Amino acid sequence: MESILKKIKVDVHENIYLKDPFSSDLGREIVNQSIVMMTDLGFEHFTFKKLSAKIGCTESAVYRYFENKHKLLLFLTLWYWGYLEQNLIFATANLADGRLKLEIAIKVLVQGPIFTQNDFIDPLALRNLLTDEVTKAFLTKEVDEENRKGYFEHFNKLGDRIARFILEVNPRFEYPKSLVSTLMDASLVQSYYSKHLPRLTEQHQSDDAGFEFFKKLIFKTIEHEN
């Protein structure tokens, strides 16, 4: 499985970028160096001018791939959710037990991808970035128009897949999508608290603390709904 996912290039909506960044060595460098620089500088202080200076190209060369840094962050965010869905597809492919599939889904959301090797982007470095910056990709005035254009398809598909797992566990549960979207959001928020505001969470106390919390939360919510 690892060798298969290592070769996977997540197809992000083509209108998010001007030129496929994985079509050239420069494009790949733009994507991967931006992950490093946004993590170090923060999204607010990251600029294409700084990025171009770091990788040794002109600023205009960066703009040939992405219209602005918001579109670049959006590209990275949607690539991550798409990669998580691919992880989930492979990790649950031969499983019939809905509870086990849901447990794996919770682990993937809370702890990150199971398969961590990829030829295009470092998924763990990307998760580290998105723990701090993910809300800045879609909490914008443009979100309705971007959603209308279909930009968030990977995000929606992952949520739909996990919602189906919930209904396998309890077909009568009324709010599978609301529960999943809450988990998708809260899993990164808790990671953010663990890094920056540790008094707000126990997640930092052990590698499995976050997973155990969300596992109990999700299953108790589902199982107590008749």
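For this structure, a couple of remarks:
- By accessible area with a 1.4 Å probe, ligands and nucleic acids excluded, highest first: order of His13, His204: His204, His13
- Cut-off 16 Å (backbone N to label point 7 Å along Cα→Cβ of Val143), residues of the range 184-204: 184-189
- With the whole protein complex present, Thr58 retains an accessible surface near 80 Å², based on a 1.4 Å probe.
- Restricting the range 144-226 to trypsin sites (Lys or Arg not before Pro) that sit in a DSSP loop and have at most 16 other Cβ atoms within 10 Å of their own Cβ leaves Lys149, Arg172.
- The convex hull drawn around the Cα atoms of the range 124-164, when projected onto a plane and averaged over every direction, covers 3.6 nm².
- Taking every DSSP helix (H) stretch of at least 4 residues in the chain, weighting each as -39,500 (n - 2.57) and dividing the sum by the residue count yields a mean residue ellipticity at 222 nm of -20500 deg cm²/dmol.
- Taking 0.36 nm per residue of sequence separation and removing the Cα-Cα distance, the Gln111/Gln33 pair yields an extension gain of 25.8 nm.
- Given charges at beta-carbon only (K, R positive; D, E negative), |dipole| of the range 74-146 in Debye: 340 debye
- Each label point was placed 7 Å from the Cα along the Cα-to-Cβ direction; for Glu153 and Glu168 their separation is 2.4 nm.
- Along the axis of the charge dipole computed for the chain (Cβ charges of +1 for Lys and Arg, -1 for Asp and Glu, origin at the Cα centre), the listed residues Phe165, Ala186, Ile121 are led at the positive end by Ile121.
- Members of Lys141/Lys216; Lys141/Lys220; Lys49/Lys157; Lys50/Lys215; Lys7/Lys69; Lys7/Lys157 lying beyond 30 Å, as alpha-carbon distances in this model show: Lys141/Lys216; Lys141/Lys220; Lys49/Lys157; Lys50/Lys215
- Multiplying each eigenvalue of the alpha-carbon gyration tensor of the range 73-128 by 5 and taking the square root yields semi-axes of 22, 11, 9 Å, largest first, rounded to whole angstroms.
- Summary value for the range 8-94: 39 percent relative contact order, contacts being C-alpha pairs under 8 angstrom separated by 6+ residues.
- For Tyr193, the shell of other residues with beta-carbons less than 11 Å away shows a net charge of +1, using +1 for Lys and Arg and -1 for Asp and Glu.
- Relative contact order of the chain, pairs being alpha-carbon contacts under 8 Å that are 6 or more residues apart, as %: 23 percent
- Estimated dipole of the chain in Debye, rounded to 20 [Cβ of Lys and Arg +1, of Asp and Glu -1, Cα centre]: 120 debye
- Over all distinct Cα-Cα pairs of the range 1-67, the Kirkwood formula returns a hydrodynamic radius of 12.9 Å.
- The range 1-154, accessible surface, carbon-and-sulfur percent (1.4 angstrom probe): 50 percent
- Directionally averaged projected area (the range 133-226, Cα convex hull): 7.2 nm².
The values are calculated or read from the model by the stated rules, or taken from the named source; none is laboratory data. The structure displayed is predicted, hence computed values, not measured ones. Cβ coordinates were reconstructed from backbone atoms using ideal geometry, including for glycine residues, and neighbour counts include every protein chain displayed. Surface areas here come from the heavy atoms of the whole protein model, side chains and all, with no ligands, DNA or RNA. Shrake-Rupley method; radii C 1.70, N 1.55, O 1.52, S 1.80 Å.
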